[in-house]
Amino acid sequence: MMKKIFFVLCLLLSLYLCTGCGKNEQVVDNTVYVKTQTIDYGASSNEDNYAGVVKGRYETNLAFQVSGKILSRNINLGDRVSAGDVLMVIDDKDIRQSVNAYDAQVEAAKSQLNLAQSNLARYEQLYAANAVSAQSLDQYQNAYDSALSAYNQAVAQATQGYNSLGYTQLVANANGVISSVSGETGQVVSAGQTVAVLIQDGEREIEISIPENKIQDISIGQNATVDFWALKGTTVQGVVRELSPIADAVAKTYKVRISLVNPPSDIQLGMTANVIFTGANNGDTNISLPLSALYQVENKTQVWIVNDASCVELKDINVISLGKNDVIVSGLNKGDVVVTAGVHKLYEGQSVKLADGDTL
């Protein structure tokens, strides 16, 4: 009986030991997935496309120099006009009355001047005959000078009045096309209020809007390629002529004007254009990375590089310029695989796997 009990105990002990020896220890996998960017300085070029509109280089906001009610409008949207054409006329009745008043002031001032001149001539004769004192002569000389100044002032006011009378006609200052009309017959306008816009004949340009995160890539004199939606197969070269220093208050974009080199003869105002800025590398070793790729330690800026063994290692870089969400750097080689997210969770030699879509 004791032998059976001893046998059973030995059997149970053996099973327990075998079970303990056969237990598999869990292996901890420290491999993490990372998002990367592969550096490529290939011959390919980066292109930025912007929609634009054909405009005239010289656009004049036309306005009356005096206030009044518009009596007639001789233009419509799209009309061609020549320099000197009368475009609009405002009521000049009040201005004519002012001119009449100025003319009356001139006549009164002239009469006072004639009287002062006669008195001065008389007293000069009396003074020459020692009949009056020098003090009396000085009084009449002063009266004449005052009358002369008053006359000159009246003549100047009358001239200003006649100029204002001429301003009641809005005249085209150059040959061109009316692109906007905001003044209507019967409307009372103030001096300087725009009532029409004249696009002068001559050079045509493209106006585009650049978002604020791209404005640092545009500079005066930069070349661009321009094609037109309405002119299939027509491509012309352009040059950045003007760059607005202030963003639009609503759209937060910057206005840019592109001058056209040898534009086609059939180009029309208001046509839709496509402006292409080509940024070829041309041996440049600067590259754009997201800000999240930078690993900053004290005064050293680095990035994590995934090597051929799928492990990460740090590499020193130089920061050229910082943008809102990206950074231009140098010091990377073509083919380097740079980790672009979660860089502060990595350590030297850590094994990583690339996120879906990324290649090593």
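Answer yes or no: is there a residue in segment 51-63 that is over 18 Å from Gly270 (Cβ atoms), surrounded by 15 or more Cβ atoms within 10 Å (Cβ to Cβ) and over 28 Å from the mean Cα position of the chain (by Cα). Break it down stepwise before answering.
So in segment 51-63, the residues over 18 Å from Gly270 (Cβ atoms) come out as 62-63.
Now narrow it down to the ones that are surrounded by 15 or more Cβ atoms within 10 Å (Cβ to Cβ): 62-63.
Filter once more, so that each one left must be over 28 Å from the mean Cα position of the chain (by Cα): none.
Among the residues of segment 51-63, not one is over 18 Å from Gly270 (Cβ atoms), surrounded by 15 or more Cβ atoms within 10 Å (Cβ to Cβ) and over 28 Å from the mean Cα position of the chain (by Cα), which makes the answer no.
Residue-by-condition table, conditions (1) modelled with pLDDT under 90; (2) in a helix (DSSP H, G or I); (3) under 30 Å from Val303 (Cα atoms):
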position	(1), (2), (3)
Leu15	yes, yes, no
Val28	yes, no, yes
Gln37	yes, no, yes
Asn49	yes, no, no
Gln65	no, no, no
Leu87	no, no, no
Looking for something small (Gly, Ala, Ser), part of a helix (DSSP H, G or I) and surrounded by 17 or more Cβ atoms within 10 Å (Cβ to Cβ) - is there at least one such residue anywhere in segment 132-144? yes
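Does Val256 qualify as being among the aliphatic types (A, V, I, L, M), modelled with pLDDT of 90 or more, in a strand (DSSP E or B) and closer than 25 Å to Glu212 by Cβ? Let's see the steps before the verdict.
On the way: among the aliphatic types (A, V, I, L, M): yes; modelled with pLDDT of 90 or more: yes; in a strand (DSSP E or B): yes; closer than 25 Å to Glu212 by Cβ: yes.
So Val256 passes the test.
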Would you mind finding the one in Val171, Val188 that is β-branched (Val, Ile, Thr), exposed (fewer than 13 other Cβ atoms within 10 Å of the Cβ) and under 23 Å from Ser98 (Cα atoms)? Val188
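Within the bounds of segment 87-102, is there any residue that is more than 18 Å from Asn163 (Cβ to Cβ), out of contact with any Ser or Thr (no Cβ under 9 Å at 6 or more places or on another chain) and not assigned by TED's automatic domain parsing to the domain that holds Leu231? Break it down stepwise before answering.
Of the residues in segment 87-102, the ones more than 18 Å from Asn163 (Cβ to Cβ) are 87.
This time we only want the ones that are out of contact with any Ser or Thr (no Cβ under 9 Å at 6 or more places or on another chain), so: 87.
In the following step, the residues that additionally are not assigned by TED's automatic domain parsing to the domain that holds Leu231 were identified as 87.
Yes: segment 87-102 contains one or more residues that are more than 18 Å from Asn163 (Cβ to Cβ), out of contact with any Ser or Thr (no Cβ under 9 Å at 6 or more places or on another chain) and not assigned by TED's automatic domain parsing to the domain that holds Leu231.
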Hey, could you check segment 64-74 for residues that are touching a strand residue (DSSP E or B) at 6+ places or on another chain (Cβ under 7 Å) and under 15 Å from Ala196 (Cβ atoms) and say which is surrounded by the most Cβ atoms within 10 Å (Cβ to Cβ)? Phe64
Among (1) part of a helix (DSSP H, G or I); (2) modelled with pLDDT under 90; (3) surrounded by 13 or more Cβ atoms within 10 Å (Cβ to Cβ), there is one condition Ala154 misses while meeting the rest; what is its number? (2)
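Residues are listed down the side, and each one gets a yes or a no for (1) hydrophobic (A, V, I, L, M, F, W, C); (2) modelled with pLDDT of 85 or more:
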position: Arg241; (1), (2): no, yes
position: Lys252; (1), (2): no, yes
position: Leu260; (1), (2): yes, yes
position: Leu269; (1), (2): yes, yes
position: Thr278; (1), (2): no, no
Could you grab me the full set of residues in segment 191-245 that are surrounded by 14 or more Cβ atoms within 10 Å (Cβ to Cβ) and of a type in the set (Lys, Arg)? Arg204, Lys214, Arg241
Residue that is nearest to Leu71 (Cα to Cα) [pool: residues in segment 161-174 that are touching a residue at least 24 places away in the same chain (Cβ under 8 Å) and in a helix (DSSP H, G or I)]: Leu165
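The values are calculated or read from the model by the stated rules, or taken from the named source; none is laboratory data. Note that the coordinates shown come from a computational prediction; the quantities given were computed from them, not determined experimentally. Cβ sites come from the backbone with ideal geometry, for glycine too, and all protein chains shown count toward neighbours.
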